[in-house]
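Novice: The structure's right below; bear with me while I get my questions together.
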Amino acid sequence: MAPMNENQGPILVFLGPTLRLTEAEAVLDAIYLRPVAQGDILLAAHAFRPRAMVLIDGQFEDRPAVRHKEILWAMAQGIVIIGAASMGALRAAELSDFGMIGIGLVYRWYRRWRLAPDDAVAVHSGPAELGFPPLTDSLVDLQRTLSRLMRRNLIGVAERDRLTTIARKMNFRDRSLDTVLRAAGWQDDEVKKLRSEIVGQKKCDALLALQRAPDLATQRAEARGPADWVATNTFIRDLEVGGIDSNLANTYKLNP
């Protein structure tokens, strides 16, 4: 387990249903926060003065999703921003040209297919009090699972394509291997047998990001985001609507 370098500030991790907290803590000694949403990066930077942030999970229903401009603000302050697995992978793919670091297959998938659906990484989860347990399966995990089943000759190419189409048409709140197989006419005993075959690609990517975070934070410590970052009217308005003091965007100093 990699220790935090207190002289340089901690590493913050925004984590939710992708990975259980106990599993994450066994890999990286960091400060773990709830899934990121609009304003959280700004507030967390002021509260903890981190050297790096790892974005894994994010919120997008009850609260507005984390803004690209907010991530660019953090990088302009010299904070290393790493994204993987879920919302983090999506934002990293969108902001990789500006210095955000993406880790894992899901990130590479979004980089390659820029118009891929955002809900491919979305899952329905339980409450924060229970640690955001996932209640459904993400489309990206299902696609990896169906490919694995095909490679093991448990389903054919045509059946993989049919199941993938069914999964893509489902709302993410209902999407799971069980519901997809049942919608395709599979019997309960067959569904039960295949449940153990689910591939947790998002989890694998999250673990990889946590493993690499300390080295990436050190290697990129001198790298800074866009020097011409400015607070646009839209960015300020979003903060104020969210009840966040917009002056925080202009008063942050990396080394006060």
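Novice: Considering only residues of segment 148-167 that are touching a residue at least 40 places away in the same chain (Cβ under 8 Å) and outside any loop (DSSP other than H, G, I, E, B), which is nearest to W109 (Cα to Cα)?
Specialist: R148
Novice: Conditions first: (1) in contact with a helix residue (DSSP H, G or I) (Cβ under 7 Å, 6 or more places away or on another chain); (2) part of a helix (DSSP H, G or I); (3) touching a residue at least 12 places away in the same chain (Cβ under 8 Å); (4) not acidic (D, E). R175 passes all but one, so which condition is the exception?
Specialist: Only one criterion in (1) in contact with a helix residue (DSSP H, G or I) (Cβ under 7 Å, 6 or more places away or on another chain); (2) part of a helix (DSSP H, G or I); (3) touching a residue at least 12 places away in the same chain (Cβ under 8 Å); (4) not acidic (D, E) is unmet by R175, namely (2).
Novice: A follow-up question, please. Restricting to segment 186-212, name every residue that is over 20 Å from A89 (Cα atoms) and in contact with a Gly (Cβ under 9 Å, 6 or more places away or on another chain).
Specialist: Residues satisfying the conditions do not exist here.
Novice: Another question about this same structure. Criterion first (over 30 Å from A26 (Cβ atoms) and at pLDDT 85 or above) does D228 satisfy it?
Specialist: Against the criterion (over 30 Å from A26 (Cβ atoms) and at pLDDT 85 or above), D228 does not qualify.
Novice: Test G102 against the stated conditions and say whether it is free of Cβ contacts under 8 Å to residues at least 60 places away in the same chain and farther than 11 Å from A209 by Cβ.
Specialist: no
Novice: While we're looking at this one, here's another question. C204 fails exactly one of the following numbered conditions: (1) in a helix (DSSP H, G or I); (2) touching a residue at least 40 places away in the same chain (Cβ under 8 Å); (3) surrounded by fewer than 15 Cβ atoms within 10 Å (Cβ to Cβ). What is the number of that condition?
Specialist: For C204, the exception is condition (3).
Novice: Has segment 49-71 got any residue that is farther than 18 Å from A89 by Cβ, free of Cβ contacts under 8 Å to residues at least 60 places away in the same chain and of a type in the set (G, A, S)?
Specialist: No, segment 49-71 contains no residue that is farther than 18 Å from A89 by Cβ, free of Cβ contacts under 8 Å to residues at least 60 places away in the same chain and of a type in the set (G, A, S).
Novice: Here's a follow-up. Anything in segment 109-141 that is part of a helix (DSSP H, G or I) and among the β-branched types (V, I, T)? List them, or say none.
Specialist: Hit for segment 109-141 is V140, nothing else.
Novice: Looking at (1) over 19 Å from the mean Cα position of the chain (by Cα); (2) of a type outside the set (D, E, K, R); (3) crowded, with 17+ Cβ neighbours inside 10 Å, which one does A120 not meet, given that it meets all the others?
Specialist: Evaluating A120 over (1) over 19 Å from the mean Cα position of the chain (by Cα); (2) of a type outside the set (D, E, K, R); (3) crowded, with 17+ Cβ neighbours inside 10 Å leaves (1) as the failure.
Novice: Please enumerate the residues belonging to segment 149-175 that are surrounded by fewer than 22 Cβ atoms within 10 Å (Cβ to Cβ) and under 19 Å from A85 (Cα atoms).
Specialist: Hits for segment 149-175 are R168, F172, R173.
The values are calculated or read from the model by the stated rules, or taken from the named source; none is laboratory data. Predicted, not measured: the structure shown is a model, and the values here were computed from it. Glycine also receives a Cβ, built like all others from the backbone with ideal geometry; neighbour counts cover every protein chain displayed.
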